[in-house]
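Reviewing the structure listed below.
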There are 2 protein chains.
Amino acid sequence: MSQCTAQQQRFWSPEVRQLEPYVPGEQPKIDNLLKLNTNENPYPPSPKVVAAVQQLLQHDAACLRLYPDPDASALKQAIATQQGVDSTHVFVGNGSDEVLAHIFKAFFRQPRPLLYPDISYSFYPVYSQFFAIESKMIALNEHFEIDVEDYQQANGGIIIANPNAPTSIALPLQQIERLLQAHPDSVVVIDEAYVDFGAESAVSLVTRYENLLVCQTTSKSRSLAGLRVGYAIAQPHLIQALEAVKNSFNSYPIDRFAIAAAVASFQDQDYFAARCQQVIEDREQLIAQLSALGFEVLPSKANFIFARHPAHDAADLAQQLREHGIIVRYFNKARIDQFLRITVGTPAQHQRLLDTLQQHILKS
Amino acid sequence: MSQCTAQQQRFWSPEVRQLEPYVPGEQPKIDNLLKLNTNENPYPPSPKVVAAVQQLLQHDAACLRLYPDPDASALKQAIATQQGVDSTHVFVGNGSDEVLAHIFKAFFRQPRPLLYPDISYSFYPVYSQFFAIESKMIALNEHFEIDVEDYQQANGGIIIANPNAPTSIALPLQQIERLLQAHPDSVVVIDEAYVDFGAESAVSLVTRYENLLVCQTTSKSRSLAGLRVGYAIAQPHLIQALEAVKNSFNSYPIDRFAIAAAVASFQDQDYFAARCQQVIEDREQLIAQLSALGFEVLPSKANFIFARHPAHDAADLAQQLREHGIIVRYFNKARIDQFLRITVGTPAQHQRLLDTLQQHILKS
């Protein structure tokens with residue numbers, strides 16, 4: 001799409017002319033592509049998800065003419081049951097990105113700055129700009145870890161991804177609890193998009209901390225990135241703020257297919273647990289294999305790894321992998337510009353990655 | 001959900017404490033309910049919609065693990081083909097409510113006030129408050145019509161629903177063209193949620209007016225309220241502003257089911273045209289029947305009618321209909337508090353409405 005002229009931009013709201021939108025990992029349509037760039041699950045969703053949508057089509061397709069439940073009560077209940085909380089503690093949205101956007105609007109437009117790590121989900125600075133939220137990035141320590149002591153300063157909110165992205169490193173629950181205790185008047189958001197691959201969830205702390213909000217997604221551990229369902233768990237006084245924002249923006253964000261499919265996913269806990277365990281095992285094997293090739297891999301609790309090779313430039317590696325039909329994520333950003341973020345795939349996909357590295361790239 | 005305390009509200013962004021969210025028409029779960037309150041289509045969507053989703057489930061269900069196309073290119077192309085525009089002229093979103101929200105942010109945060117009718121879609125003032133947009137309501141004339149001369153004043157944008165809701169009255173295309181010519185530096189948004197039931201669409205003007213943006217939805221005329229797909233049509237320099245806003249908010253708003261289903265709907269133009277024609281005929285008959293019972297019905301080009309009875313209080317009528325399991329929409333608002341908004345249903349549904357009115361309500 002060609003850029004529009006300054007003359008044409010007069011129609012835009014002035015602040016929108018300055019926006020620097022988020023750039024998602026690319027979704028190219030290339031044959032025989034090995035796509036390890038957007039942290040999608042290599043395994044399909046539960047067969048019960050497919051069955052639930054088939055059921056809707058066979059017995060209730062005419063209901064597509066009707067609006068969905070604006071509160072998605074059935075979905076909130078399914079999430080509440082799986083998470084062991086009351087459904088008044090659940091908010092749902094059109095992917096965790098929409099949930100995060102509502103979180104920024106609902107809690108972080110404050111006189112004091114929002115704090116988040118300098119290296120983290122790159123949508124956080126985009127939301128800050130979009131909602132005109134003053135924010136302050138806190139540097140990860142030299143091991144690329146979050147040190148909660150560094151957050152010991154005046155703030156209007158804190159958001160941390162746990163495990164963090166793209167570093168893959170998890171923060172122990174005890175550290176999160178220290179953060180919650182140190183900032184009793186700030187909302188502390190723990191973005192747990194990747195938590196099901198081995199980190200400790202803060203959902204267990206929700207009933208004890210009135211300032212805690214946990215955000216999760218069905219996109220990664222439930223293999224439903226194509227569905228767009230995310231959610232937040234917190235005490236009702238925080239959920240109510242999200243509902244006020246949501247109902248001032250879009251009354252019906254989750255369609256009938258997405259509700260039916262996500263409910264079925266939350267009801268099939270065995271499938272979910274088995275697939276998460278599989279990804280964890282595959283990840284550990286991939287880390288060992290890449291380490292054997294000389295890569296330095298950060299300790300991952302996510303469905304991706306963050307790795308650098310002391311003898312090879314990361315941008316070059318990404319480019320060469322791409323020429324062999326393998327896409328990984330590269331961030332041209334200070335401190336992490338020698339790292340690659342590689343999604344955990346199947347063992348067969350890993351073998352292709354390792355063979356390509358060994359036979360065509362690392363030997364040069 | 002109980003209200004939270006002022007003490008708990010300290011966590012909310014200050015402005016969010018003031019929000020007055022939109023209240024959608026209720027979606028009650030009552031047996032034998034006749035639901036004429038949310039302008040849903042009484043007919044199901046095209047069978048090709050169901051077939052397309054079945055196809056996805058049978059041959060491509062594993063793809064649910066992958067993010068959808070963030071640009072929904074296939075859907076934009078299907079809409080462009082049906083509307084006779086280039087796909088660079090199309091923006092898509094999670095229902096036309098999300099599209100409208102992005103429109104308010106993209107264009108209407110201006111030094112001068114946004115103008116819209118005093119009686120119109122009740123989400124407009126909600127968006128204005130949500131995005132802190134100064135707005136000025138322009139009174140409908142004594143016939144509940146929009147008079148474009150009344151908009152002849154300094155403004156930072158104009159939004160008009162055509163046909164207007166809840167009045168159901170359409171504005172002729174010639175009047176819209178006068179508005180476009182009179183305000184060459186303002187974005188003029190025509191919200192055409194109901195246009196397919198007999199009004200003239202402004203899409204035909206898009207290539208000639210760089211300040212025109214038309215918004216439509218699949219929820220009404222395509223019987224897909226359960227799906228959440230809305231769209232905007234305008235020249236690329238306006239579409240680009242919407243994309244910048246969307247990509248600062250949520251990269252993937254439309255899920256794989258919704259894309260597949262909506263594409264199939266736009267490809268089945270015959271079914272669409274036949275159902276719209278049916279609704280128009282049913283509406284005309286309903287208007288005649290209600291008029292025969294003494295109702296005064298505004299001239300409708302929508303899939304709902306707006307009617308008052310000189311001898312019966314509208315709130316009472318709504319309440320009595322409800323006691324007979326029939327829900328219509330009542331707005332307790334100056335100037336229109338003696339009207340009922342009644343969705344066009346099937347002839348059988350109309351008969352039940354008419355019988356109930358005649359036998360149980362109007363006689364009293």
Problem set entry | Lone unmet requirement of (1) surrounded by fewer than 21 Cβ atoms within 10 Å (Cβ to Cβ); (2) within 30 Å of B:Arg222 (Cβ to Cβ); (3) not assigned by TED's automatic domain parsing to the domain that holds A:Ile239 for A:Glu20 | (2)
Seminar exercise, completed: Here the residues within the stretch A:198-240 that are surrounded by 24 or more Cβ atoms within 10 Å (Cβ to Cβ) and assigned to a helix (DSSP H, G or I) are A:Ala202, A:Leu238
Problem set entry | Subset of the stretch B:255-291 (residues that are touching a helix residue (DSSP H, G or I) at 6+ places or on another chain (Cβ under 7 Å), among the β-branched types (Val, Ile, Thr) and either open to solvent by 10 Å² or more (accessible area, probe 1.4 Å) or outside the structural domain of B:Pro347 (by TED's automatic domain parsing) (or both)) | B:Ile259, B:Val263, B:Ile280
For this session: Take A:Gln8 and decide whether it is without any contact (Cβ under 8 Å) to a residue 60 or more places away in the chain and not in a loop (DSSP other than H, G, I, E, B).
Result: yes
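So which of B:Ala61, B:Ala74, B:Ala101 ends up being at pLDDT 95 or above, out of contact with any Lys or Arg (no Cβ under 9 Å at 6 or more places or on another chain) and either at the interface with another protein chain (Cβ under 8 Å from one of its Cβ atoms) or open to solvent by less than 50 Å² (accessible area, probe 1.4 Å) (or both)?
Numbers: B:Ala61 fails: at pLDDT 95 or above; B:Ala74 fails: either at the interface with another protein chain (Cβ under 8 Å from one of its Cβ atoms) or open to solvent by less than 50 Å² (accessible area, probe 1.4 Å) (or both).
One residue alone meets the criteria, B:Ala101.
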Problem set entry | Any chance A:Ile176 is touching an Asp or Glu at 6+ places or on another chain (Cβ under 9 Å) and touching a residue at least 60 places away in the same chain (Cβ under 8 Å) | no
Exercise. Within the stretch B:114-125, is even one residue facing chain A (nearest Cβ under 9 Å), more than 17 Å from A:Pro21 (Cβ to Cβ) and open to solvent by 10 Å² or more (accessible area, probe 1.4 Å)?
Worked result: no
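Take the residues of the stretch A:18-32 that are more than 7 Å from chain B (Cβ to nearest Cβ) and among the aliphatic types (A, V, I, L, M): which is farthest from B:Gly95 (Cα to Cα)?
Here is the first cut: in the stretch A:18-32, the residues more than 7 Å from chain B (Cβ to nearest Cβ) are A:18, A:20, A:23, A:25-26, A:28-32.
Those left that are additionally among the aliphatic types (A, V, I, L, M): A:23, A:30.
Working: A:Val23: 23, A:Ile30: 30 Å.
Filtering first and then ranking leaves A:Ile30.
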For this session: Under 7 Å between Cβ atoms, at least 6 apart or on separate chains: pull out the pairs that start in the stretch B:199-220 with a residue that is more than 14 Å from chain A (Cβ to nearest Cβ) and farther than 19 Å from B:Phe104 by Cβ and end on any residue that is buried (at least 23 other Cβ atoms within 10 Å of the Cβ) and of a type in the set (D, E, K, R).
Result: B:Ser201/B:Glu192
Exercise. Residues of the stretch B:226-249 being over 29 Å from B:Ser46 (Cα atoms) and within 7 Å of chain A (Cβ to nearest Cβ), which ones?
Worked result: B:Pro236, B:His237, B:Leu238, B:Gln240, B:Ala241, B:Ala244, B:Val245, B:Asn247, B:Ser248, B:Phe249
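In the stretch B:180-197, which residue that is open to solvent by less than 20 Å² (accessible area, probe 1.4 Å) and closer than 28 Å to B:Ala307 by Cβ is nearest to the other protein chains (Cβ to nearest Cβ)?
First, the residues of the stretch B:180-197 that are open to solvent by less than 20 Å² (accessible area, probe 1.4 Å): B:180, B:183, B:186-193, B:195, B:197.
Going one step further and asking which of them are closer than 28 Å to B:Ala307 by Cβ, we end up with B:189-193, B:195, B:197.
Details: B:Val189: 11, B:Ile190: 15, B:Asp191: 15, B:Glu192: 18, B:Ala193: 13, B:Val195: 18, B:Phe197: 15 Å.
Filtering the stretch B:180-197 for residues that are open to solvent by less than 20 Å² (accessible area, probe 1.4 Å) and closer than 28 Å to B:Ala307 by Cβ, the one nearest to the other protein chains (Cβ to nearest Cβ) comes out as B:Val189.
Quick check on the stretch B:180-197: of everything there that is part of a strand (DSSP E or B) and among the aliphatic types (A, V, I, L, M), which residue is farthest from B:Ser96 (Cα to Cα)? Talk me through it step by step, then tell me what you get.
We begin by selecting, within the stretch B:180-197, every residue part of a strand (DSSP E or B); these are B:188-191.
Checking the rest, the ones that are also among the aliphatic types (A, V, I, L, M) come to B:188-190.
Working: B:Val188: 16, B:Val189: 13, B:Ile190: 12 Å.
That would be B:Val188.
Scan the strands (runs of 3 or more DSSP E) fully inside the stretch B:74-154 and keep the ones with 1 or more residues being more than 30 Å from B:Ser223 (Cα to Cα) and in contact (Cβ under 8 Å) with a residue 40 or more places away in the chain. Full working, then the answer.
Working: elements: B:90-93, B:114-117, B:135-138.
So the answer is B:114-117.
Results for (1) part of a helix (DSSP H, G or I); (2) away from every other protein chain (no Cβ under 14 Å), shown as yes or no for each residue.
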{"residue": "A:Pro253", "(1), (2)": "no, no"}
{"residue": "A:Phe257", "(1), (2)": "yes, no"}
{"residue": "A:Ala261", "(1), (2)": "yes, no"}
{"residue": "A:Phe266", "(1), (2)": "yes, yes"}
{"residue": "A:Phe272", "(1), (2)": "yes, no"}
{"residue": "A:Gln278", "(1), (2)": "yes, no"}
{"residue": "A:Asp282", "(1), (2)": "yes, yes"}
{"residue": "A:Gln289", "(1), (2)": "yes, yes"}
Exercise. Got a sec? Which of A:Arg335, A:Arg352, A:Arg308, A:Arg322 is part of a loop (DSSP other than H, G, I, E, B) and either crowded, with 22+ Cβ neighbours inside 10 Å or among the basic types (Lys, Arg) (or both)?
Worked result: A:Arg335
Exercise. Could we say that A:Lys35 is more than 7 Å from chain B (Cβ to nearest Cβ), open to solvent by less than 50 Å² (accessible area, probe 1.4 Å), touching a residue at least 24 places away in the same chain (Cβ under 8 Å) and not in a loop (DSSP other than H, G, I, E, B) here?
Worked result: yes
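Those residues that are polar (S, T, N, Q) and either buried (at least 20 other Cβ atoms within 10 Å of the Cβ) or assigned by TED's automatic domain parsing to the domain that holds A:Pro299 (or both), I need them from the stretch A:138-155; list them, please. So that I can check it myself, show each step before the final result.
Taking the stretch A:138-155 first, the residues polar (S, T, N, Q) are A:141, A:152-153, A:155.
Within the stretch A:138-155, A:Asn155 is the sole residue that qualifies.
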Exercise. Taking A:Ser135 and the conditions (1) surrounded by 17 or more Cβ atoms within 10 Å (Cβ to Cβ); (2) under 30 Å from A:Asp69 (Cα atoms); (3) in contact with a Pro (Cβ under 8 Å, 6 or more places away or on another chain), which numbered condition does it fall short on, given that it satisfies the others?
Worked result: (2)
Exercise. Any residue in the stretch A:165-179 that is in a loop (DSSP other than H, G, I, E, B) and open to solvent by 50 Å² or more (accessible area, probe 1.4 Å)?
Worked result: yes
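The rows are residues; the columns are (1) at negative phi; (2) within 22 Å of the chain's Cα centre (by Cα); (3) not small (Gly, Ala, Ser).
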| position | (1), (2), (3) |
| --- | --- |
| B:Leu33 | yes, no, yes |
| B:Pro44 | yes, yes, yes |
| B:Leu56 | yes, no, yes |
| B:His59 | yes, no, yes |
| B:Arg65 | yes, no, yes |
| B:Ala72 | no, yes, no |
Seminar exercise, completed: Of the conditions (1) open to solvent by 20 Å² or more (accessible area, probe 1.4 Å); (2) more than 10 Å from chain B (Cβ to nearest Cβ); (3) within 13 Å of A:Ile159 (Cβ to Cβ), the single one that A:Gln110 does not satisfy is (2)
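The values are calculated or read from the model by the stated rules, or taken from the named source; none is laboratory data. All values derive from a computational prediction rather than experimental measurement. Glycine gets a Cβ as well: all are built from the backbone with ideal geometry, and neighbour counts include every protein chain shown. Heads up: the accessible areas ignore ligands, DNA and RNA and are worked out on the full protein's heavy atoms, side chains in. Shrake-Rupley method; radii C 1.70, N 1.55, O 1.52, S 1.80 Å.
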